[in-house]
Each structure stands twice: as C-alpha cells, then as structure tokens.
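Okay, so here's the structure we're looking at.
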Amino acid sequence: MVIDELKNNCIPRHVAVIMDGNGRWAEIHGNDRIFGHTQGVDAVRSIVEGAGEIGVEYLTLYAFSTENWDRPKEEVNALMSLLVNSIVQETDNLNEKNVKMLAIGDLYSLPVDVQSKLREAIQITSSNTGLNLVLALSYSGRWEIIEAVKKIVNKIQSGEINENKINESVFTSHLSTVGIPDPELLIRTSGEYRISNFLLWQIAYSEFYFTPILWPDFRKENLFEAIADFQRRERRFGKTSEQIRS
Ligand code: IPE
Ligand code: IPE
Ligand code: MG
C-alpha cells in the first residue's frame, strides 16, 4: 500500500487505535512483556508521522485502560516509566511536526511524574495546528460515561441544565472527548475482536478494522492500508444504499 493510492477527499478526520499485542510480540521474540511495550513506541512514532502526512486531524491511541491497573505491579510500573520517558523524549519531535498533544482518561489516577510530564507536553504543543494526538490513559468508556452522568446531575441540581433539555449533543459535550469528532475508523491490532471498554459512546457509527499484526510491528503503511480499506466501504448510517448513492 502506498500513500498515493489513498483518496485525498476521503481521509477519516479521526482514527482511533487499540494498540494491542505487545506482550505476545515479546514472547515470540523470546523477551519479557516490558520489552514488547518498549518496542511499541516505534509503532507509535511511525503512525503519528503517517497520520500527519495524510491529513488525519485526530489520532486517538488507547495506551492504558482502567482495567490495565489490574496487571502485575511490575508491568504497571514499567508502563508508567515508559510513558514518562516517551513523553519527555518525543515532545520536541512532536512539536517539530506541529502535533498537538491531548489526553483523555482519569489522569489524576496516574503517578504524579506522569501527570506533570504530560501536562508539560500538552502545554508545549498547545498552539500547534497539525495532527491532534489524543492519548487515552487510565481511560475506559464506562468510566467516561459515568463521569459525564455525574457532571450532568450536578448541573441539573444547581439549575444550570434543565433535564428536559438533555439530548445527545448535551451528553456528548460532557464527555472527555468534547470538541473531538467521533472516530470514523477504529483499528485494533493483534487479532482480537473486541472493544475492551474503549470509546463506547463515540464508536456508535465507526468502521472497525481488525488486523492480526502485533502492535510493535505496526507501521504507517499498515495505517494507510486500514484507511484504504475504510475508503472502499459504504457508510449508510441506517439509510439504504440507494439513498447514499443519490
Ligand atoms: C497492549 O499490549 C499494551 C497495553 C494494553 C498497555 P498487551 O500488553 O495487551 O499485549 P498482549 O495483548 O498481552 O499481547
Ligand atoms: C486494551 O488492550 C487496552 C489497551 C490497548 C491499552 P488489553 O490487552 O488490555 O485488552 P483485553 O484485556 O485483552 O481485552
Ligand atoms: Mg492485550
């Protein structure tokens, strides 16, 4: 797949990725799981570059789920260190590429050094106008939906919102993805066919693309392939094919 084969007028604005398979990749290569996570950073670098090149506006990467806190302590600690190191190491590069960094999730649950480096990177890249790179950290769709419900209930109680005025757009504006369009395309690597509590509300009409490639092997060419596949689909949104074509 080469970049020139993509239709420029049909690039998804928002691509979301469940980066899965680091542990299995490490096992195949006779190494420990942590090594797999470390190798996954190259894949991130490659697709951030690729997404920028073709004009994707938002790239959301599922880097750590609410449920991932239940992994062995050493793995969680290693993931957190990798996160801090990668953020520190990559910020200049992201800045040069005009990438704006954002984060969604229960960020206060992250170790304080991760929080502060993250905040720093977000601040440094805040005026960039290229790709928006959204890191989902300590994130889960259900967590986010509950948080939105709590915010809305508070506003109803204080009289700021009338309960009869609650609709999809009011609800959407209380999610951590406020202002970000829903992903047109959701990619999951490693051959698993599940959502694992990612962007539950936002993927209502996303196209799914599953690939057996393990995350550390994923590169921008694979992203372009996924987008080419997306471009061959007909998105009907409940309508008939005839309606869409006319
Ligand atoms: C994805 O790879 C990274 C995170 C969930 C943090 P995994 O660590 O889940 O790798 P597998 O699925 O065990 O191979
Ligand atoms: C999903 O991968 C979370 C991330 C990629 C960060 P998991 O490996 O945690 O998902 P399950 O548990 O296999 O569904
Ligand atoms: Mg996994």
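The values are calculated or read from the model by the stated rules, or taken from the named source; none is laboratory data. For clarity, every value in this text was computed on a predicted model and none was experimentally measured. Cβ: placed from backbone, ideal geometry, glycine included. Neighbour counts: every protein chain shown. The protein model used for the area step is the full one, side chains on, heavy atoms only, and it has no ligands, DNA or RNA in it. Shrake-Rupley method; radii C 1.70, N 1.55, O 1.52, S 1.80 Å.
Observations on the structure shown:
- Its alpha carbons give segment 106-246 an Rg and a Dmax of 18.4, 54 Å.
- Result for the chain in a Gaussian network model with C-alpha springs under 10 Å: among Glu96, Glu75, Glu221, the largest mean-square fluctuation is at Glu96.
- For segment 192-203, backbone phi angles converted through the Karplus equation (6.51, -1.76, 1.60; θ = phi - 60°) give residue-by-residue couplings of 8, 10, 8, 9, 6, 6, 8, 5, 4, 6, 6, 9 Hz, Gly and Pro being listed as x.
- Net length gained if the chain between Phe237 and Lys151 were fully extended (0.36 nm per residue, minus Cα distance): 28.0 nm
- Candidates Leu83, Leu137, Leu200: whichever shows maximal mean-square fluctuation once the chain is modelled as a Gaussian network with Cα springs under 10 Å: Leu200
- Each Lys and Arg contributes +1 and each Asp and Glu -1, all at the Cβ; summed about the Cα centre of segment 1-100, the dipole is approximately 180 debye.
- Unit charges on C-beta of K, R, D, E only; dipole of segment 124-205, Debye: 160 debye
- For segment 110-225: accessible area per residue (Å², 1.4 Å): 50 Å²
- Assigned charges on the beta-carbon of Lys, Arg, Asp, Glu; the chain dipole about Cα centre (debye): 620 debye
- Placing one equal scatterer on every Cα of segment 119-196 and applying the Debye formula, the log10 ratio I(q)/I(0) at q = 0.17, 0.23, 0.28 Å⁻¹ is -0.91, -1.17, -1.34.
- DSSP-loop chymotrypsin sites (Phe, Trp or Tyr not before Pro) across segment 217-246, with at most 15 other Cβ within 10 angstrom: Phe237
- Contact order relative to length of the chain, as percent, for alpha carbon pairs under 8 angstrom and 6 or more apart: 30 percent
- Positive-end extreme of charge dipole, segment 8-70 - chosen from Phe64, Ala43, Gly21 (charges on Cβ): Ala43
- Counting only protein heavy atoms and a probe of 1.4 Å, the accessible surface of segment 1-105 is 48% carbon and sulfur.
- Percent RCO, i.e. relative contact order, over segment 124-246, from Cα pairs under 8 Å lying at least 6 residues apart: 22 percent
- The stretch between Ser158 and Val41, if pulled fully straight at 0.36 nm per residue, gains 37.6 nm over its current Cα-Cα span.
- Label point of Ile3 set 7 angstrom out along Cα-Cβ; within segment 49-76, amide nitrogens under 18 Å from it belong to 49-59.
- Largest-first principal axis extents, alpha carbons of the chain, Å: 57, 47, 35
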